[in-house]
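We did not get these values from a lab; they are worked out from the coordinates using the rules stated. Computed from a predicted structure; not experimentally measured. Ideal geometry is used to build each Cβ from the backbone, glycine not excepted, and the neighbour counts take in all protein chains shown.
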Amino acid sequence: MRRLLDSDLELLVESDFIYLPLLLDPDIEKETKKLFGSTSDREGYEHFNTDHIIKHRDCLFVKTISIKSLIKHFDALNPYYYNRLKSHCLEKYQLSGETDAIFLDETLELILFHIMPHFVRVRRGLRRKKPDKEGILDLIKERVDVPQSYYRDALRFINVEALNRVYQDLENHRPIFNPPENGLWRAQELKEWLHEAIQARILADAHNRVKKTLEVRRQLTHTKPEHIAIYFYIADKGAIEIDNFGFYKMKSYKEYWIYKRTGQYVLKDYYGRSYLFPDCRVAVSTYYTPLKPFVIEKYKHPFLRGQQAGQEICLTGFEAPDELTADAVIQTLEEGITALLYGYDARRRNGYHSLDKTFVHIPTITFEDYRL
Amino acid sequence: MTLLKEIQVERAKHRAKKPLRKNVFNRISSIVKQYHLQQCFLNALDHAQEHLWKDDSERFRVRMKKPMKFPLFSLVTQKEYSITVSIMNRVENPYLEFVHAPEEILMSEYLYRLNPSIHPERLMRFHFETLVMYEQRKRDSRITIKETRKRDLACRE
């Protein structure tokens, strides 16, 4: 398609379809001569029995692509060129698409305002009440060093007037898609027309986006810019850690890993010898249910089958919750941490591995390097 | 052979796949497309015969035949189609099946008249200009031998 529009061919546009010059060989020529019973609609046009071939000014043209379909699916046909055009259009109107989504992320809201307060110590002073959303965001602001650039972006973001003007601008120039006139077009001319039509389509799509964005931003007009800056920081970095509690936003769609650090801890073996285990992060994924705790790092422990990263912790008597709720996540994390720190029974040597060497079987994982 | 077997053999023959052969149209249209031949080539074709008959044989030289890939199905624009058909109508000789370049099209008629029985393998292998040079020298040497014999006879008399 690209080569066609960059060529020096003459194309025929008729009833929203592109007609290309018909290529011939002796058999095709015979067939076109057989197609008699042509009806003349307009001067210079002859349609044969089907409307697939048109004779215009003694040249034969064959029906090919629908122009509407070409515009509708252009993003799939030529993604690079379409994305370039789109970036140019959106840059012109300063639309930040993905950033708005962070304010509508329910999982993030759950983590920040329902799970985090359980794990993070809030200095309430004389107050007895649990901190509200503002209080939690103030806490994050105190504990996390958010760069000034996010604060500046936040100030621009809450400036609704600018976006209102953009919306009015789009309303007034509401792009109207006019089909091209019927007749002969040079390929380059048709390419330019197509360029304009696709921009019009992008703006029409952006029009709805601007409307939605305005609705989101109007709800945030009373929010402090520092708090909005925190959201931008999270959207950009995808992670935050406060008081050994934190979360990661994974690249896959809306998956978060919520984790709590165990800190260093000591376990004793059958003979009372101590083993110092390093710090690790016990996490829960919000994407997969039932919720099960796993260790993020490459780690070894009697309750972990191997020594690779991302191993599930062996839990007995624990029914993994199916629904993603704050209580379920808190319970799962606590169960995982409890199992690692307190679950190992030195006398029964429960778990996949034993801390001390037994002579029953050859151990695959040893903990000699942890012995104090 | 029984009647049944005869019918079976006949039907098998009809069902047998016929290989697609590249025809003259494919060849000429490919050359027209590749070399962007225009109306002026047809004018040159009309005058080619006169020039070739008049020209000195020393003008021709040995040339390599450029290999060219011809497509199985050749589709051309209306303009190219009309030029191709015009060439095929003006140059109606069996050597047209072996041309690889426009200059060979111009020389095919002349070569055919010089020697209409050149083996197809030679036509496929050698450039027409080389063959024209060869045929002309052969003809010239035959003429020279005839004239020498005539002179000898005249001298004896």
### Summary
Scoring region A:238-372 by relative contact order with C-alpha pairs under 8 Å, at least six apart, yields a percentage of 22
### Query
With contacts defined as alpha carbon pairs under 8 Å and 6 or more residues apart, what's the relative contact order of region A:170-273 in percent?
14
### Query
Short version: ³J(HN,Hα) in whole Hz for each residue of region A:229-242, in order, from phi by Karplus 6.51 cos²θ - 1.76 cosθ + 1.60 (θ = phi - 60°), x for Gly and Pro, what are they?
4, 5, 4, 4, 4, 5, 4, 7, 7, x, 8, 8, 9, 9
### Query
What angle do you read, to the nearest 10 degrees and between 0 and 90, between the alpha-carbon axis of helix A:79-93 and the longest principal axis of chain A?
80
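With r as the distance between the Cβ atoms of A:Asn182 and A:Ile242 and R0 = 51 Å, compute the FRET efficiency 1/(1 + (r/R0)^6) and round to 0.05. If you can, show how the numbers build up before the last one.
Numbers: r = 66 Å, r/R0 = 1.30.
Once the sixth-power term is evaluated, E becomes 0.15.
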### Message
Let me check the size of region B:60-157 from its C-alpha atoms; what are the radius of gyration and Dmax in Å?
### Response
18.5, 68
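How large is the charge dipole for chain A, taken about the Cα centre, if only the Cβ atoms of Lys, Arg (+1) and Asp, Glu (-1) carry charge, to the nearest 20 debye? Write down the numbers at each step before the final one.
Numbers: 55 positive and 55 negative charges, 374 e Å.
Roughly 1800 debye for chain A.
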## Note on the structure
Taking Cα atoms only, helix B:39-54 is inclined relative to the longest principal axis of chain B by an angle, in degrees rounded to 10, of 40
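With each run of n ≥ 4 DSSP H residues scored as -39500 (n - 2.57), what mean residue ellipticity at 222 nm is computed for chain A after dividing by its residue count and rounding to the nearest 500 deg cm²/dmol? Before the final figure, lay out the partial values.
Working: 14 runs with 152 residues, N = 372.
My calculation for chain A gives -12500 deg cm²/dmol from helical runs alone.
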### Summary
Expressed in angstrom and rounded, the centroid-to-centroid distance over alpha carbons for region B:99-157 and region A:297-372 is 97
## Note on the structure
In cubic angstrom per residue, the convex hull of chain A built on its Cα atoms measures 254
### Task
Mind putting a number on the dipole of region A:250-370 about its Cα centre? Charges go on the C-beta only, +1 for Lys and Arg and -1 for Asp and Glu, and I need it in Debye to the nearest 20.
380
### Query
For peptide B:66-77, how many partner chain Cβ atoms fall within 10 Å of a residue's Cβ, on average?
2
### Message
Working only with C-alpha atoms, what are the Rg and Dmax values of region A:250-370, expressed in angstrom?
### Response
15.0, 49
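For peptide A:21-30, compute the average count of partner chain beta-carbon atoms within 10 Å of each residue's beta-carbon. Intermediate results must be reported in sequence, preceding the final value.
On the way: counts 3, 4, 7, 12, 10, 7, 2, 2, 3, 0.
That average works out to 5.
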### Query
Which aspartates and glutamates does A:Lys260 reach when only Cα atoms under 13 Å apart count, and residues fewer than 8 places away in its own chain are ignored?
A:Glu241, A:Asp243, A:Asp279, A:Glu297, A:Glu334, A:Glu335
### Task
For helix A:148-157, report the angle its Cα long axis makes with the longest principal axis of the Cα atoms of chain A; keep it between 0 and 90° and round to the nearest 10°.
50
### Task
Once every Cα of region A:320-372 carries one equal point scatterer and solvent is ignored, give the base-10 log of I(q)/I(0) from the Debye formula at q = 0.29 Å⁻¹, two decimals.
-1.17
### Query
Hey, could you pull the Cα Rg and Dmax for region A:201-247, both in Å?
15.2, 49
### Estimated inter-spin distance, B:Arg125 and A:Val144, nm [label 7 Å along Cα→Cβ]
8.3
### Summary
Projected onto the charge dipole of chain A (unit charges on the beta-carbon of Lys, Arg, Asp and Glu, signs +1, +1, -1, -1), the Cα from A:Tyr81, A:Gly351, A:Leu35 with the largest positive-side position is that of A:Gly351
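Would you tell me the mean number of C-beta atoms belonging to other protein chains that fall within 10 Å of each C-beta in A:148-158, as a whole number? Show your work: numbers first, answer last.
On the way: counts 0, 0, 0, 0, 0, 0, 0, 0, 0, 0, 0.
Taking all residues of A:148-158 together, the mean is 0.
Rank-order A:294-302, B:136-144 by packing density, defined as the average count of other C-beta atoms within 10 Å over each peptide's residues, highest first.
Numbers: A:294-302: 20.2, B:136-144: 12.2.
So the order, starting with the most tightly packed, is A:294-302, B:136-144.
Using only the C-alpha atoms of region B:56-111, find the volume of their convex hull and express it per residue in Å³. Numbers along the way, then the final one.
On the way: hull volume 5.9 nm³, N = 56.
Convex hull of Cα atoms, per residue: 105 Å³.
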